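A.B. asks: Take a look at the following structure, please.
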Amino acid sequence: MIYVPLLKARQQELRVAHSLCNCFSENIIPLFEILADKYEKKYQTDEKGKFVYEMTNNRRKRILLPPTANDIITLENISEVTDSKLAFIDFFRFTTEKYGEDFDPKQVTLSLRFRNDSELYKRRVMEISEYENLIPVISIKPGFSMPSNELSQFIKELQEYNESIALRITEEFLDDYKDILENELRGGDYFLFDIGEQNVKSKIMELEQLAELNLNTQIILLNSPRKASNKNGGYEQNSITALICNDALTEYEKYSFNGFGDYGGLKDVLPSNGGSNGTGAALALLFDYNTNEFYSFVNPNTHLGVRGYLTIIPSMLELEADLNKSGKCPAYLKINDLYERKSSGNWPVWTNIILTRYIYQIYSNFK
């Protein structure tokens, strides 16, 4: 089995990847969706090379220089975060038709540039070739397709410099690129078949069609089972949720695929514009590999916001004997720490806990 956790490369996803990098291998390969570049911080210096300072709010601070293209450390940073383990890199492109317009443009600056500059996209994908542990992903989706001859040429260029590449395609383009899938991808390459939020069992015809192709590559089924439209307060209290169907974990084997990938209990959404303003229903989703289900813990009082976690942490701890039998689950270590400190944590902390729990469950039950 190959498992591919899909990560938006935001702060919490990167923190989880760093803390769980020992879990990554040829069988658990994270895929980072790059929304914006990371830059090395550089500061103004004088003719002697010493830092120049300014006074801000009665404090002496170094003067930060505006970032330039030469300061980009996006890929270098991911290599460091993952301790140079294998990782897919998908320079993320999106349309407002799919993701809406309620996103923070400051956090998706690179993705916005890609929307009208396909040549920039291709150049950045080629840059991934400079890192032996990073696998470049060509992503084909509505709004971002390529003529077959152009895609074929791009694949050949990447293959020249990489032992492995990945082609990520949504179902709409399966017929259009069937010949490329059969003839261009090598045994060490990956085909990432992305069905988005759709239920796996509703795609039987497409999956059977794919299984019948003469492919000499590794096939990974990508799914996003936690629907973006489901609000936190709509989840069940202290019970297994019926709102997440995680069938991709088991169904991929029926079609002789090599593995599956998902967002690890998180939604496939962009960074929101303006945040939550402190309100919202406190929700924790703890995955159980043995039943392939999520336990849902929620305080639907949106006025409490993150403070609502104080009321549901005890419920999570009541089930610890069943959900953390080894006593080693890093997510439960975080939950216990919050309980002992009588802290609710914050929204990013619970994003971290949900994702950590899911990836560790896959890792600790790996077959």
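The values are calculated or read from the model by the stated rules, or taken from the named source; none is laboratory data. Small disclaimer: the values here were computed from a predicted structure and weren't measured. With ideal geometry, Cβ positions are generated from the backbone for all residues, glycine too; neighbour counts draw on all protein chains shown. Quick note on the areas: whole protein, heavy atoms, side chains included, nothing else; ligands and nucleic acids left out. Shrake-Rupley method; radii C 1.70, N 1.55, O 1.52, S 1.80 Å.
A.B. asks: Quickly run through the stretch 307-342 and pick out the residues that are open to solvent by less than 30 Å² (accessible area, probe 1.4 Å) and either under 22 Å from G278 (Cα atoms) or among the β-branched types (V, I, T) (or both).
C.D. replies: The answer is G308, Y309, I312, I313, I335, L338.
A.B. asks: Quick check on the stretch 141-164. Is at least one of its residues in contact (Cβ under 8 Å) with a residue 40 or more places away in the chain, assigned by the TED database to the domain that holds E26 and among the charged types (D, E, K, R)? I'd like the intermediate steps shown before the answer.
C.D. replies: To start, the set of residues in the stretch 141-164 that are in contact (Cβ under 8 Å) with a residue 40 or more places away in the chain comprises 141-144.
Those still in the list that are assigned by the TED database to the domain that holds E26 too: 141-144.
Next, from what is left, pick out any that are among the charged types (D, E, K, R): 141.
So far as the stretch 141-164 goes, yes, one or more of its residues are in contact (Cβ under 8 Å) with a residue 40 or more places away in the chain, assigned by the TED database to the domain that holds E26 and among the charged types (D, E, K, R).
A.B. asks: Given the criterion touching a Pro at 6+ places or on another chain (Cβ under 6 Å) and either closer than 22 Å to N27 by Cα or surrounded by fewer than 17 Cβ atoms within 10 Å (Cβ to Cβ) (or both), identify the matching residue among I78, I165, I63, I138. Full working, then the answer.
C.D. replies: Details: I78 fails: touching a Pro at 6+ places or on another chain (Cβ under 6 Å); I63 fails: touching a Pro at 6+ places or on another chain (Cβ under 6 Å); I138 fails: touching a Pro at 6+ places or on another chain (Cβ under 6 Å).
Checking each option against the conditions leaves just I165.
A.B. asks: Test A242 against the criterion of being touching a Lys or Arg at 6+ places or on another chain (Cβ under 9 Å), farther than 30 Å from N133 by Cβ and either at pLDDT 95 or above or open to solvent by less than 40 Å² (accessible area, probe 1.4 Å) (or both), and give yes or no.
C.D. replies: Working: touching a Lys or Arg at 6+ places or on another chain (Cβ under 9 Å): no; farther than 30 Å from N133 by Cβ: yes; either at pLDDT 95 or above or open to solvent by less than 40 Å² (accessible area, probe 1.4 Å) (or both): yes.
Against the criterion (touching a Lys or Arg at 6+ places or on another chain (Cβ under 9 Å), farther than 30 Å from N133 by Cβ and either at pLDDT 95 or above or open to solvent by less than 40 Å² (accessible area, probe 1.4 Å) (or both)), A242 does not qualify.
A.B. asks: Now for a separate question. For the stretch 1-27, give me each residue that is on the phi < 0 side of the Ramachandran plot, of a type in the set (G, A, S) and either open to solvent by 10 Å² or more (accessible area, probe 1.4 Å) or outside the structural domain of D262 (by the TED database) (or both).
C.D. replies: Within the stretch 1-27, S19, S25 meet the criteria.
A.B. asks: Any residue at all in the stretch 19-39 that's part of a strand (DSSP E or B) and at pLDDT below 95? Break it down into steps so the answer makes sense when it comes.
C.D. replies: Taking the stretch 19-39 as the starting set, the residues that turn out to be part of a strand (DSSP E or B) are 28, 31-34, 39.
Restricting the remaining residues to those that are at pLDDT below 95 gives none.
Scanning the stretch 19-39 turns up no residue that is part of a strand (DSSP E or B) and at pLDDT below 95.
A.B. asks: Which pairs have Cβ atoms under 6 Å, sit 6 or more apart or on different chains, and link a residue in the stretch 90-107 that is β-branched (V, I, T) to one that is part of a loop (DSSP other than H, G, I, E, B)?
C.D. replies: T95/G143
A.B. asks: Can you name every residue in the stretch 193-215 that is free of Cβ contacts under 8 Å to residues at least 40 places away in the same chain and more than 19 Å from the chain's Cα centre (by Cα)?
C.D. replies: S202, K203, I204, M205, E206, Q209, E212, L213, N214, L215
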